[in-house]
Number of protein chains: 2
Amino acid sequence: MEEMKQRILTQGEVLPGHILKVGSFLNQQIDCAFLERMGREVASLFAGCGVTKVLTIESSGIAIAASVGMAMNVPMIFAKKHQTSNVSGRVLSTVIHSYTHGNDYTAVVSAEYLLPGDRVLLVDDFLANGNALEGLIRMVEGAGATVVGAACAIEKGFQHGGDKLRERGYRVESLAIVETMEDDGTVTFRP
Amino acid sequence: MEEMKQRILTQGEVLPGHILKVGSFLNQQIDCAFLERMGREVASLFAGCGVTKVLTIESSGIAIAASVGMAMNVPMIFAKKHQTSNVSGRVLSTVIHSYTHGNDYTAVVSAEYLLPGDRVLLVDDFLANGNALEGLIRMVEGAGATVVGAACAIEKGFQHGGDKLRERGYRVESLAIVETMEDDGTVTFRP
């Protein structure tokens, strides 16, 4: 998506530790008109795939997942990062390692929302080493449902999480794939 | 909003401890067509108020806040519950007590996203004792911006957080106000 690349180049900020800060339009502050276009773009990429549900993990993937759900007119589910009083009954859970925070967390979804017949599109804002998506895949397949594919706003191609998933046969679509990111702020994209 | 009341009556579930579980359509699994209607309803309630930004706290308010932002065509900001590597530079922060989890947490927003000229609409999924909204009000007013009002999907009227805010002069609009909630599952609404 050309607009995503332009936004990254003009409004993104490279911070030490290979962090790409896009807080002004994607993460923390969200440009809602752009959010709507992102949702439509993802919906058009996966049109005709029989998607029945969109799944993400709280919290920064929720806005784009909601936009995709609205564009596809299917329910959106978000996995919670800790079991809370609002997740009751039988749950699906999986442990995910967070690269950003350097710790493990448990992602949880009520089992009643992921059913064997579901065809699930995974959505997230960032795809780096792929740990979050791999966790969501375990949850979906553990429920006997089908992973149709994954859509991310920004993929850090140099961390290869997306490539690992593609090698395993999953369809992964990213609105922009950052191939290199230098400390001087230079960003290049995968063609 | 009549549809919200009907959804609560038909799809909501009363759990011990005055918890209203609406995970099947609002919180955890979100009906995206309904989400779009909620956003439009809130946008129409605050039309003409000069709203420049929508503000919520992660994570269950993000979807409805994004929908409101899309309907109003203004940016949406979400406060994070812990300072992370993605929130850098000068921040606005405030300590909020969570009734659900029985602890305190710090809500954080990059100072660059809330500016003195902003007219901010606060949005959340639930309004109970009002602690979260009061925290957001402190952040907005601490930034020298103006609170236009607050919009919530479901207000627990019997916990009086909304009434306290109204008494202080804030405009608070809830799509449904639950007046009573019994352990046998009976729910009544404020007219």
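Quick one: putting +1 on the C-beta of Lys and Arg, -1 on the C-beta of Asp and Glu, what dipole do you get for the stretch A:2-189 around its Cα centre, in Debye to the nearest 20?
Numbers: 16 positive and 22 negative charges, 126 e Å.
Using only the charged Cβ atoms, the result is roughly 600 debye.
From the phi of every residue in the stretch A:185-191, what ³J(HN,Hα) in whole Hz does the Karplus formula 6.51 cos²θ - 1.76 cosθ + 1.60 yield, where θ is phi - 60° and glycine or proline is x?
Coupling constants for the stretch A:185-191: x, 5, 10, 10, 10, 6, x Hz.
Using Cα springs under 10 Å in a Gaussian network model of chain A, which residue among A:Leu136, A:Leu165, A:Leu122 shows the largest mean-square fluctuation?
A:Leu165
Rounded to two decimals, what ratio of Rg to Rh does the stretch A:2-189 give with C-alpha atoms and a Kirkwood Rh? Can you show the working numbers first?
Details: Rg = 15.9 Å, Rh = 16.7 Å.
That ratio is 0.95, to two decimals.
Across chain B, where is the longest run that never hits trypsin sites (Lys or Arg not before Pro) in a DSSP loop with at most 14 other C-beta atoms within 10 Å?
Working: sites that count: B:Arg90, B:Arg168.
Answer - B:1-89.
Sum -39500 (n - 2.57) across every DSSP H segment of at least 4 residues in the protein assembly as shown, then divide by the residue count to get the 222 nm mean residue ellipticity, nearest 500. All intermediate terms of the calculation are to be shown ahead of the outcome.
Values: 10 runs with 108 residues, N = 382.
The helix contribution divided over the protein assembly as shown gives -8500 deg cm²/dmol.
Considering only the other residues whose Cβ falls under 11 Å of the Cβ of A:Ile57, what net charge follows from Lys and Arg at +1 and Asp and Glu at -1? Spell out each step's value before the answer.
Working: positive: A:Lys80, A:Lys81; negative: A:Glu58, A:Asp124, A:Asp125.
Around A:Ile57, the charge tally is -1.
Karplus couplings for the stretch A:158-174 from phi (6.51 cos²θ - 1.76 cosθ + 1.60, θ = phi - 60°), rounded to Hz, Gly and Pro as x?
6, 9, 6, x, x, 5, 4, 5, 5, 4, 7, x, 7, 7, 10, 10, 10
Considering Cα pairs under 8 angstrom that are at least six residues apart, work out the relative contact order of chain B and quote it in whole percent. Please report the intermediate quantities before stating the final value.
On the way: 381 pairs, mean separation 36.1, N = 191.
Relative CO of chain B lands at 19 percent.
Output the 0 to 90 degree angle, nearest 10, between the alpha-carbon long axis of helix A:2-11 and the longest principal axis computed from the alpha carbons of chain A.
Between helix and principal axis, roughly 60 degrees.
Filter the GluC sites (Glu not before Pro) in the stretch B:89-191 down to the DSSP loop ones having no more than 15 other Cβ atoms within 10 Å, then list what survives. It would help to have the intermediate numbers written out before the result.
Working: sites: B:Glu112, B:Glu134, B:Glu141, B:Glu155, B:Glu167, B:Glu173, B:Glu179, B:Glu182; in loops: B:Glu182.
When the GluC sites (Glu not before Pro) of the stretch B:89-191 are filtered for loop state and at most 15 Cβ neighbours within 10 Å, B:Glu182 remain.
Can you compute the charge dipole magnitude of the protein assembly as shown about its Cα centre, using +1 on each Lys and Arg Cβ and -1 on each Asp and Glu Cβ, nothing else charged? Give it in debye, rounded to the nearest 20.
Values: 34 positive and 44 negative charges, 15 e Å.
Rounded to the nearest 20 debye, it is 60 debye.
How would you rank A:His82, B:His160, going from fewest to most other Cβ atoms within 10 Å of each one's own Cβ? If you can, show how the numbers build up before the last one.
Numbers: A:His82 11, B:His160 15.
Fewest to most other Cβ atoms nearby, the residues stand as A:His82, B:His160.
Of A:Asp31, A:Asp104, how do they rank once you tally other Cβ atoms within 10 Å and put the fewest first? Write down the numbers at each step before the final one.
Values: A:Asp31 19, A:Asp104 10.
Placing the least packed residue first, the sequence is A:Asp104, A:Asp31.
Rg(Cα) of the stretch B:82-146 divided by 2.2 N^0.38 Å? It would help to have the intermediate numbers written out before the result.
On the way: Rg = 12.2 Å, N = 65, 2.2 N^0.38 = 10.7 Å.
Here the Cα radius of gyration is 1.13 times the empirical estimate.
With unit charges on the beta carbon (Lys/Arg positive, Asp/Glu negative), name the residue among B:Gly69, B:Ser59, B:Cys32 whose Cα is farthest towards the positive pole of the charge dipole of the stretch B:2-189.
It is B:Gly69, whose Cα lies furthest towards the positive end.
For the stretch A:49-59, just list the computed ³J(HN,Hα) in residue order, Karplus coefficients 6.51, -1.76 and 1.60, θ = phi - 60°, integers in Hz, with x standing in for Gly and Pro.
Each residue's phi maps through the Karplus curve to give 8, x, 5, 9, 8, 10, 10, 9, 10, 4, 10 Hz.
Just rank A:Thr10, A:Thr100, fewest to most, by other beta-carbon atoms within 10 angstrom.
Working: A:Thr10 9, A:Thr100 14.
The most exposed by this proxy come first: A:Thr10, A:Thr100.
Mind jotting down the three principal axis lengths of the protein assembly as shown based on Cα atoms? Whole angstrom, largest first.
57, 49, 35
Every number in this text was worked out from the coordinates using simple rules, so none of it is lab data. Not measured: the values here are computed from a predicted model. A quick note on method: Cβ atoms are made from the backbone with ideal geometry, for glycine too, and the neighbour counts reach across all protein chains shown.
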